[in-house]
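> Here you go, one structure.
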Amino acid sequence: METIKGTSELRKREKELKRKKLKNNIKLFFSNKRAVFGVSILAFFILMAVIGPLVYDYDHFKYFLGPRVGKPTEEYRLGFDELGRDVFGAVIYGTRASLAIGIFVTLIIVFIGATLGISAGYFGGLYDIVIMRITEAFSIIPTIPLILALSAVIGQSFQNIIIILGLTGWPSTVKLVRAQTLSIKQRNYVERARAVGASNVYIMAKHILPNVFPLIFSNIILLVQNAIITESTLAFLGVGDPTIPTWGQLLRSAREQGAISAGSWWLFIPAGVCLVLLASSFVFIGYGFDEINNPRLRRR
């Protein structure tokens, strides 16, 4: 009876320590001015993606609302593209597309990377060798040419672009997670769990994944940023779904119309600024997580 009571108190104490640590980490994160700045920018774009389409009517298939590459007017404040479409509406709806790309691509990458990285590091042996050779093979293939080849085979719809980016972006996550797993599986609590007969799946889910997750979460910031930039690069190269407006498509239109030399700033500046700000927001947020994970970066 005393043993059960002691175990219960120990679990309560552990939960209390976890809550205290979480509160301290949140406080530390928001004490970083760059992280707060990044969160503010990201919150702005999230609001734009959620509220913008509700308050601003835009139809990507409404052509010739104004002159081709027309200048801004009182009603259409960012002018028109080469088909006479509203650029301001395209910028707003492009926010939703960019955030969706970043989120869903990252989910695919994290799932594949965490599954393969934890299993390879935990089991080792021949399985580890095979997984890492496959990972290295994907790593040495140039990413953009591979994506272009896959998009030519399976199509360029919005869903296909998400799948392609997810299936080509996981190697670095696998390496990162595997390296951490190799360290964690040698710790005493993992050995004790194995000694009392815990299954491999239980050990990986209950002991290794929770300890690897902070590293994965920190890596998510870079994954979202890379996914957004890669999708914009593909759209700029003409690979993407033409039925969904994106910032990359606006930049491609600006290039094709010679917007810089013609002075048609509304075709490239709004989309370019939004892309830079959104990508930068994740960099600033990353500073906050770096400070949490690396005590040496904390201010004394």
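> Looking only at region 79-105, how many residues end up being closer than 21 Å to Asn160 by Cβ and open to solvent by 10 Å² or more (accessible area, probe 1.4 Å)?
6
> Just one of Leu297, Leu267, Leu215 is at pLDDT 85 or above and touching a helix residue (DSSP H, G or I) at 6+ places or on another chain (Cβ under 7 Å); which is it? Even if it seems obvious, please write down each step before you answer.
Details: Leu297 fails: at pLDDT 85 or above; Leu215 fails: at pLDDT 85 or above.
The unique qualifying residue is Leu267.
> Okay, moving on. Which count do you get for residues in region 192-209 that are touching a helix residue (DSSP H, G or I) at 6+ places or on another chain (Cβ under 9 Å) and not in a helix (DSSP H, G or I)?
Count: 1.
> Same structure again: Report, by residue number, each residue of region 24-35 that is in contact (Cβ under 8 Å) with a residue 40 or more places away in the chain and not aromatic (Phe, Trp, Tyr).
Result: Asn25, Leu28, Asn32, Arg34, Ala35.
> Are there helices (runs of 4 or more DSSP H) fully within region 210-300 with at least 2 residues that are open to solvent by less than 30 Å² (accessible area, probe 1.4 Å)? List them. Steps first, answer last, please.
Values: elements: 247-256, 259-262, 269-293.
Because the criterion is at least 2 residues that are open to solvent by less than 30 Å² (accessible area, probe 1.4 Å), the helices (runs of 4 or more DSSP H) in region 210-300 that meet it are 247-256, 269-293.
> Which one of the conditions (1) out of contact with any Leu (no Cβ under 8 Å at 6 or more places or on another chain); (2) free of Cβ contacts under 8 Å to residues at least 40 places away in the same chain; (3) under 20 Å from Asn219 (Cβ atoms); (4) open to solvent by less than 60 Å² (accessible area, probe 1.4 Å) does Glu136 fail to meet, given that it meets all the rest?
Among (1) out of contact with any Leu (no Cβ under 8 Å at 6 or more places or on another chain); (2) free of Cβ contacts under 8 Å to residues at least 40 places away in the same chain; (3) under 20 Å from Asn219 (Cβ atoms); (4) open to solvent by less than 60 Å² (accessible area, probe 1.4 Å), the lone unmet condition for Glu136 is (4).
> Would you point out which residue out of Gly125, Gly70, Gly117 is modelled with pLDDT under 90 and open to solvent by less than 30 Å² (accessible area, probe 1.4 Å)?
Values: Gly125 fails: open to solvent by less than 30 Å² (accessible area, probe 1.4 Å); Gly117 fails: modelled with pLDDT under 90.
The unique qualifying residue is Gly70.
> Answer yes or no as to whether Phe44 is modelled with pLDDT of 90 or more, open to solvent by 100 Å² or more (accessible area, probe 1.4 Å) and in contact with a helix residue (DSSP H, G or I) (Cβ under 6 Å, 6 or more places away or on another chain). Lay out the reasoning, then the answer.
Numbers: modelled with pLDDT of 90 or more: yes; open to solvent by 100 Å² or more (accessible area, probe 1.4 Å): yes; in contact with a helix residue (DSSP H, G or I) (Cβ under 6 Å, 6 or more places away or on another chain): no.
No: the conditions fail for Phe44.
> Can you pull out the residues in region 157-191 that are in contact with a helix residue (DSSP H, G or I) (Cβ under 8 Å, 6 or more places away or on another chain) and either in a loop (DSSP other than H, G, I, E, B) or loosely packed, with under 15 Cβ neighbours inside 10 Å (or both)? Steps first, answer last, please.
Applying the first criterion (in contact with a helix residue (DSSP H, G or I) (Cβ under 8 Å, 6 or more places away or on another chain)) to region 157-191 yields 158, 160-182, 184-185, 189-190.
Passing the criteria: Gly169, Trp170, Ala179, Lys185, Tyr189.
> On the given criteria, is Leu148 among the hydrophobic types (A, V, I, L, M, F, W, C), modelled with pLDDT under 90 and surrounded by 15 or more Cβ atoms within 10 Å (Cβ to Cβ)? Talk me through it step by step, then tell me what you get.
Values: among the hydrophobic types (A, V, I, L, M, F, W, C): yes; modelled with pLDDT under 90: yes; surrounded by 15 or more Cβ atoms within 10 Å (Cβ to Cβ): yes.
Here the answer is yes, as Leu148 does meet what is asked.
> Which is in contact with an Asp or Glu (Cβ under 9 Å, 6 or more places away or on another chain) and surrounded by fewer than 21 Cβ atoms within 10 Å (Cβ to Cβ), of Tyr76, Tyr63? It would help to see each step written out before you state the result.
On the way: Tyr63 fails: in contact with an Asp or Glu (Cβ under 9 Å, 6 or more places away or on another chain).
Being in contact with an Asp or Glu (Cβ under 9 Å, 6 or more places away or on another chain) and surrounded by fewer than 21 Cβ atoms within 10 Å (Cβ to Cβ) holds for just one of Tyr76, Tyr63, which is Tyr76.
> Please pick out the residue among Phe37, Phe44 that is under 15 Å from Ile92 (Cα atoms) and assigned to a helix (DSSP H, G or I). Working first, answer last.
Numbers: Phe37 fails: under 15 Å from Ile92 (Cα atoms).
Testing whether each residue is under 15 Å from Ile92 (Cα atoms) and assigned to a helix (DSSP H, G or I) leaves just Phe44.
The values are calculated or read from the model by the stated rules, or taken from the named source; none is laboratory data. All values reported here derive from a predicted model rather than from experimental measurement. So basically every Cβ, Gly included, is an ideal-geometry build from the backbone, and we count neighbours across all protein chains shown. Heavy atoms of the whole protein, side chains included, go into the accessibility calculation; ligands, DNA and RNA do not. Shrake-Rupley method; radii C 1.70, N 1.55, O 1.52, S 1.80 Å.
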